[in-house]
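Notes follow once the structure below has been shown.
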Amino acid sequence: MADDARQQLRAYVEYFRDMGVHDFYRNGEPVAVESPATVVTTHAERVAVPLAAATVDRAQVSIAPSAIEKSYAEPAISKLVSFDDLAPLPGNRVAVSDRADALKAIQTEIGDCTRCPLAYAGRHTIVFGDGDPGARLMFVGEGPGADEDASGVPFVGKAGQLLNNMINAMGLKREDVYIANIVKCRPPANRVPEPVEADTCKGFLLGQMDVVQPQVVVALGATAATYLLGAKQSLAELRGRWHSCRGAKLVVTYHPAFLLRDPRQKGEAWKDLQMVMAELGLKAPAKG
Ligand code: URA
């Protein structure tokens, strides 16, 4: 086994041990938990599922880049791959009238997901996404917290309230935008998602992005930026300029949870949102 795969497997096992889990059972039946070294599903297959569900013309989607052909058995698992390099953009846009159904199809494909350790780490609800399937603006966060895990809706806790305020300050309502996360299940103790968890989940987010096809994406915080752009850089390096992702313009800003801890940075986040407003022709609502 390659070193990276061995390291990944060790991390995976240690993770379960830390959680106090040594045997795996579901509904009283033993469950075979595949290790990352034995899972044979390729990124290409995982990416193809939501694309197919989104009624994208598969004939126009030639999923070939070598980066996405790697299986978990290969060392490339720990390499970051941008969403743009995960799969080609679909040749056809999903009609606005079909987007809700296309998103539903991806959600159905996810099902009662047990593809990664988060399924066994105290998750109650899979938090799929929320908002307008035809939104011009999409926000991507890190992963659900306790409130989201309980409600099944992203960004409903304290950070969510701040995000709502940010959206309102842009002259929009929450229902006007689409909101999703890098992972759809709550990481225990709100830790940052492990690469294997983000990698397992990101094909579904990619499918959502390809269905909604927003004009602008806002990556909330470093985790979202890292996985969407396939590069680990500081927020200072990433903020204040445009990136691209799945045919959309992407801007990186602070995660609302960070802004709650350090409200002095709210002015900086507002600068990022003003870039978005200029791009979308939005005006802040008049005060009073
Ligand atoms: N933080 C996130 O990144 N996502 C949520 O849905 C809630 C909090």
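The values are calculated or read from the model by the stated rules, or taken from the named source; none is laboratory data. Quantities reported herein were computed from a predicted structural model and do not represent experimental measurements. Note that each Cβ is placed from the backbone with ideal geometry, even for glycine, and that neighbours are counted across all protein chains shown. All accessible areas refer to the heavy atoms of the entire protein, side chains included, with ligands and DNA or RNA removed. Shrake-Rupley method; radii C 1.70, N 1.55, O 1.52, S 1.80 Å.
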Practice prompt. Out of the residues in the stretch 163-191 that are under 25 Å from CYS201 (Cα atoms) and more than 13 Å from the ligand (Cβ to nearest atom), state the one that is nearest to the chain's Cα centre (by Cα).
Written response: VAL177
Response to the item:
Of (1) within 30 Å of GLY122 (Cα to Cα); (2) modelled with pLDDT under 95; (3) charged (D, E, K, R), LYS287 fails just (1)
Item to complete: Select from the stretch 253-265 the residues that are more than 21 Å from GLN208 (Cα to Cα) and touching a residue at least 40 places away in the same chain (Cβ under 8 Å) and list them in ascending order.
Response: PRO256, ALA257, LEU259, LEU260
Fill in: Residues satisfying the stated conditions in the stretch 138-155, i.e. within 7 Å of the ligand (Cβ to nearest atom) and open to solvent by less than 30 Å² (accessible area, probe 1.4 Å)
GLY141, GLY143, PRO144, GLY145, GLU148, PRO154, PHE155
Item to complete: May I ask you to list the residues in the stretch 209-228 that are of a type in the set (Val, Ile, Thr) and open to solvent by less than 10 Å² (accessible area, probe 1.4 Å)?
Response: VAL211, VAL212, VAL216, VAL217, VAL218
Worksheet item: Quick one: is ILE126 of a type in the set (Val, Ile, Thr), farther than 23 Å from ASN92 by Cα, within 13 Å of the ligand (Cβ to nearest atom) and out of contact with any Ser or Thr (no Cβ under 6 Å at 6 or more places or on another chain)?
Response: yes
Worksheet item: Identify, please: which residue in the stretch 199-252 is acidic (Asp, Glu) and in contact (Cβ under 8 Å) with a residue 12 or more places away in the chain and is, among those, nearest to the ligand (Cβ to nearest atom)?
Response: ASP199
